[in-house]
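One structure is given here, and the rest of the page talks about it.
The values are calculated or read from the model by the stated rules, or taken from the named source; none is laboratory data. Just so it is clear, the model here is predicted, and its values are computed rather than measured. For neighbour counting, all protein chains shown are included, and Cβ atoms are generated from backbone atoms with ideal geometry for every residue, glycine included.
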Amino acid sequence: MDKLLNDFSFGLFFWQILLFVGLLLLLRKFAWKPILEAVNNREEGIKNALESAEEARKEMQNLQADNERILNEARAERDGMLKEARQLKENMITDAKSEAQAEADKIVAQAQATIESEKKAAIADLKSQVAGLSVEIAEKVVRKELADKDKQLELVESMLGDVTLN
Amino acid sequence: MHRNLGTEILRVMQNRTVVKILLIFTLAFATSNLFAKESKKEGNEGEGDLKTEIKEFIDHHLQDSHDFTLFSDKEANKHYGFPLPVILWDNGLKLFSSSKFHHGETVAEVDGNYYKLYHSKIYKTDASGTINYDEDHHATNTKPLDFSITKNVVSILLIGLLMFFMFSRLAKSYKKNNGIPTGVGRFLEPLVLFVRDEIAIPNIGEKNYKRYMSFLLTVFFFIWLLNLLGMTPLAVNVTGNIAVTFALALITFLITNLTANKNYWGHIFWMPGVPTFMKVVLAPIELLGVFIKPFSLMIRLYANMTAGHVVIMSIIGMMFLFKSWIGSPLSFGLSFALSILELLVAALQAYIFTMLSALYFGMATEEAHH
C-alpha cells in the first residue's frame, strides 16, 4: 500500500482524467452517436423490411384466399346456372311432350268423331241402299214368283246369301 | 444487493492476480536457489549483479518515465529514444525538456531552481543535486507538482488519437455507404455491437442503457488498446499504473452515484424487506460497498496488468540468468506462451472493467420491483 501511494502520480492522474474525458466527449460527438444511430437505423430498417415482407406475405395469402373464394363462388354459380338450364330444358321437353300428347289426343278424338259420323252416315246410306235393294229384290222375287215358284225361292236364297256375305 | 459486498471481495480474492503472485514467488524462489548453488560452485559475483539489474529493469519498466526510451546500451551508457516535455508547478509554471535530466544523471537548472530525477520522480534539490533520506531510505526533498507529459501521457494521447481516427472513420463510412461499414469498420462494428449487446443491455437494461454507451465504449476500447500497447516492445505500462486505474475507477464511481435513482439509495441506507435492526446494521456495510466496488475495479486492473508485465519480464530475464541450452529455450517457450495468455488477458480485463461498470450502472438505475 505504501508503494502504491508512493507510485501514485498526481500529474498522470490529472492528464488521464483530462484526456479520457476529452476523448469521451469527442468520441461521443463524432463516433459513438453516429455509429449507434446508424446501426439502430439499419436494425430498424431490417426489422421494418421483415415486417412489411411478412405483411405482404399475409396480404398475398389473403388475396389468394379471396381468389379461391371468388373462383369457388363462380364455379358454384356456373353449376347452379347449368343445373337451372338443364331443369329448364327438361321442363320444356316435358311441357312440349304433354302439349303434343294433348294435341295428338285431340286430333285422334276428332278423327274418331269424324270416323264415327262417317260410319253413321255410311251405315245410314247402307241401310237406305239395303232397303232399296231389298225392295228391288222383293220386286224381282215377286216377279219370278210369278214365273216359277221354285226358281223364285232359289233366287231369294242366293240373293240372301250374297247379302250376308256382303 | 446485500450480497454484492461479499461477491466483490470474493471476486478480488479469486482473481488471477493471486495465481500470478504465487507464480512470481515460486519463480523467485526457484531462481534464487539456483543462484545460491551456482555462486557456491563458481563464486561468481557477476550473476548476482545481473539479477539485481533485471529486478531494477523490471521496476523501472513498471514505472512511468519522463522520456521515451526505446532501448539503451548500458556499456556505452547510451539511451535511444526521445525526450518529453517536463511541466512543473513550483511557484510558477516551469516548462523544459526532459533531456536536461540526462536520465537522472545530472541536475536540471531552471529559473534558478534545481531539479533532479530520482527513481522516476522529480525532486527539488540544491545545485549539486543532493537527495536527503529519512530512516526508511525515502527521499525527503520537496516534490514540485509534476504535470509532465510523461511516457504514459504520450501513450494515452497516442491511443486517444488512434481511437478517434478509427471510430470517426467508422462513423463516416456509414454515411458514405448507406448504413453499411466498409474496410476496418467491418471488424470494429461487431466489437461496438458486442459492448452494446453483451455488456450494456444485459446489465443495464433496454430502458436506460443508451446514456451509458459512450462511457462503456470509450473505456472498453481505451483499456483494451492500452493493454495491447503494453504488450508491444515499446514497453509502456499505462493500465498497470495506479493513477490511471484510479482515474478510470473514479469516473465509474462518479457516473454510478450521480445517475443513481431513489431506489438505489434506498437499498443502501434503508434496506427494504428486513427488520429495522438489520437496516441499521446493513447501512454502513452497504455504504462501504459503494466505495469498495470502484476500488476493486481500480485494484483489479492495476494488479492484473502489473502482474502480467512482471511475470513476462521475469521469465524473459531468466533467459539471461540460465545461460544454458535447456533453461533459456524453456524460459523462451514459457514467455512466449505467457505472452499469448497476456493477449487474452488484455481483452479480458477490458471486458471485466466495462462489464462491472455496466453492472454498477445497472444497479444504480434499477427500478423498485417489490
Residues in the range B:63-118 that are farther than 18 Å from B:Leu234 by Cα and assigned to a strand (DSSP E or B) total 19
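Quick one: is B:Phe101 of a type outside the set (Asp, Glu) and farther than 30 Å from A:Lys29 by Cβ?
On the way: of a type outside the set (Asp, Glu): yes; farther than 30 Å from A:Lys29 by Cβ: yes.
For B:Phe101, the condition - of a type outside the set (Asp, Glu) and farther than 30 Å from A:Lys29 by Cβ - is met.
Quick grid of which residues meet (1) of a type in the set (A, V, I, L, M, F, W, C); (2) within 14 Å of another protein chain (Cβ to nearest Cβ):
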{"site": "B:Lys210", "(1), (2)": "no, yes"}
{"site": "B:Phe215", "(1), (2)": "yes, yes"}
{"site": "B:Pro233", "(1), (2)": "no, no"}
{"site": "B:Leu254", "(1), (2)": "yes, yes"}
{"site": "B:Lys262", "(1), (2)": "no, no"}
{"site": "B:Gly266", "(1), (2)": "no, no"}
{"site": "B:Phe269", "(1), (2)": "yes, no"}
{"site": "B:Leu282", "(1), (2)": "yes, no"}
Candidate set: the range B:210-233, residues that are under 17 Å from B:Ala364 (Cα atoms) and in contact with a Ser or Thr (Cβ under 9 Å, 6 or more places away or on another chain); chosen: the one modelled with the lowest pLDDT = B:Arg211
Taking only the range B:342-370 into account, find how many residues are in a helix (DSSP H, G or I) and without any contact (Cβ under 8 Å) to a residue 24 or more places away in the chain.
-> 2
Do we find that B:Leu217 is touching a Pro at 6+ places or on another chain (Cβ under 9 Å) and outside any loop (DSSP other than H, G, I, E, B) in this structure?
-> no
Residue count, the range A:29-57, condition within 12 Å of chain B (Cβ to nearest Cβ) and not hydrophobic (A, V, I, L, M, F, W, C), comes to 10
Please name all residue pairs, on different chains or six or more residues apart, with Cβ atoms under 6 Å, provided the first residue is in the range B:74-93 and is more than 22 Å from B:Tyr123 (Cα to Cα) and touching a residue at least 12 places away in the same chain (Cβ under 8 Å) and the second residue is of a type in the set (A, V, I, L, M) and outside any loop (DSSP other than H, G, I, E, B).
-> B:Gly81/B:Leu70
B:Ile159 is checked against (1) more than 8 Å from chain A (Cβ to nearest Cβ); (2) farther than 21 Å from A:Ile17 by Cβ and fails just one. What number does that condition carry?
-> (2)
